[in-house]
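The structure appears right after this line, and notes come after that.
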Amino acid sequence: MAKQTSPRRTRPSKRNFDVQHFLESAGVARKVTEFKKNQIIFSQGDSGKTVLYIQKGGVRLSVVNERGKEAVIAMLAPGDFFGEGCLAGQPLRIGTATALSVTTIMIIEKREMSRVLHAEHAFSDRFIAHMLSRNIRVEEDLVDQLFNSSEKRLARALLTLARYGKVDRPERVVPKISQEVLAEMVGTTRSRVNFFMNKFRRLGLINYSGKGLEINSSLLSVVLHDSEHP
């Protein structure tokens, strides 16, 4: 007579955490909000209690000193987090976030963000990768500002807006951005930006269309071959 064996018990597998689903769907401690073009998302000095994630559109981060002079410190795109300083105990926003176009933002409460970072490895891996990428970008910006010409800095800023060099597909067309903002990003005058933008357009490196600013990958040649002194 065959020996009977009891059914083998298996442990229930832990659910797979869908990072993208979390970042695209609202919940108790997170909400999705749409901002109009040029609408303030948060202002310098506001209380910082949330982390934000860009689902669609773009965001400009800027700071203003005590004399009222404004400087653009970052241009963010879909897939970027910002406002993460609250996780490190930063009580107030150190800059102002403004929507570059119609922009959809996932707003995550600080407590929820901390919980998910500790509980879900896939999410924490993605967030760490974002922070490392942001640090590399800051270092590159510093080197760019110290050693490169204004023409080269402008070309790099435009390529950054188009996300060239990212793993995902670059955005060939980006929302139109004022020359004043580009001048703040590059650290030069509006007249210099106007001069170089016209030059880039004559060379076929950029083009203005009804959809926005078209950026050709050949603009990279300006970054690789400097043609002007700082």
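Tabulated data
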read-out	value
Strands (runs of 3 or more DSSP E) wholly inside the range 19-58 that include at least 1 residues being not hydrophobic (A, V, I, L, M, F, W, C)	30-35, 50-56
Conditions (1) without any contact (Cβ under 8 Å) to a residue 60 or more places away in the chain; (2) of a type in the set (S, T, N, Q); (3) within 19 Å of Lys176 (Cβ to Cβ); number of the one not met by Ser47	(3)
Residue check for Ser114: surrounded by fewer than 19 Cβ atoms within 10 Å (Cβ to Cβ) and touching a helix residue (DSSP H, G or I) at 6+ places or on another chain (Cβ under 8 Å)	yes
Among (1) open to solvent by 80 Å² or more (accessible area, probe 1.4 Å); (2) in contact with a strand residue (DSSP E or B) (Cβ under 6 Å, 6 or more places away or on another chain), the one test that Val173 misses	(1)
Failed condition for Asp168, given (1) of a type in the set (Asp, Glu); (2) at pLDDT 85 or above; (3) open to solvent by less than 80 Å² (accessible area, probe 1.4 Å)	(2)
Condition check for Leu219: closer than 26 Å to Pro78 by Cβ and either touching a Leu at 6+ places or on another chain (Cβ under 6 Å) or modelled with pLDDT of 85 or more (or both)	yes
Within the range 54-73, considering residues that are under 9 Å from the mean Cα position of the chain (by Cα) and touching a residue at least 60 places away in the same chain (Cβ under 8 Å), the one nearest to Leu182 (Cα to Cα)	Arg60
The range 21-32 residues that are in contact (Cβ under 8 Å) with a residue 60 or more places away in the chain, paired with ones that are among the hydroxyl-bearing types (Ser, Thr, Tyr) and surrounded by 15 or more Cβ atoms within 10 Å (Cβ to Cβ) (beta carbon under 6 Å, 6 or more apart)	Leu23/Tyr53
When residues of the range 125-155 are limited to those that are more than 30 Å from Cys86 (Cα to Cα) and either open to solvent by less than 80 Å² (accessible area, probe 1.4 Å) or not hydrophobic (A, V, I, L, M, F, W, C) (or both), the one modelled with the lowest pLDDT	Asn148
Verdict on Gly212 being open to solvent by less than 60 Å² (accessible area, probe 1.4 Å), modelled with pLDDT under 85 and farther than 20 Å from Asp144 by Cβ	yes
The range 74-104, residues that are of a type in the set (A, V, I, L, M, F, W, C), more than 23 Å from Ala183 (Cα to Cα) and under 16 Å from the mean Cα position of the chain (by Cα)	Phe81
Members of the range 32-71 found to be in contact with an Asp or Glu (Cβ under 7 Å, 6 or more places away or on another chain) and open to solvent by less than 20 Å² (accessible area, probe 1.4 Å), listed by number	Val51, Ile54, Ser62
Cβ pairs under 7 Å, 6+ apart, first in the range 119-134 and on the phi < 0 side of the Ramachandran plot, second open to solvent by less than 50 Å² (accessible area, probe 1.4 Å) and in a helix (DSSP H, G or I)	Ala122/Val19; Phe123/Val19; Phe123/Phe22; Phe123/Val116; Phe123/Leu117; Ser124/Leu117; Arg126/Val19; Phe127/Leu117
All positions within the range 85-141 that are assigned to a loop (DSSP other than H, G, I, E, B) and β-branched (Val, Ile, Thr)	Ile94, Val102
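The values are calculated or read from the model by the stated rules, or taken from the named source; none is laboratory data. What you see is a predicted model, and the numbers here were worked out from it, not measured in a lab. When we count neighbours, we look across all protein chains shown, and the Cβ atoms used for this are built from the backbone with ideal geometry, even at glycine. To get the accessible areas, we keep the full protein, side chains included, count just its heavy atoms, and leave off ligands, DNA and RNA. Shrake-Rupley method; radii C 1.70, N 1.55, O 1.52, S 1.80 Å.
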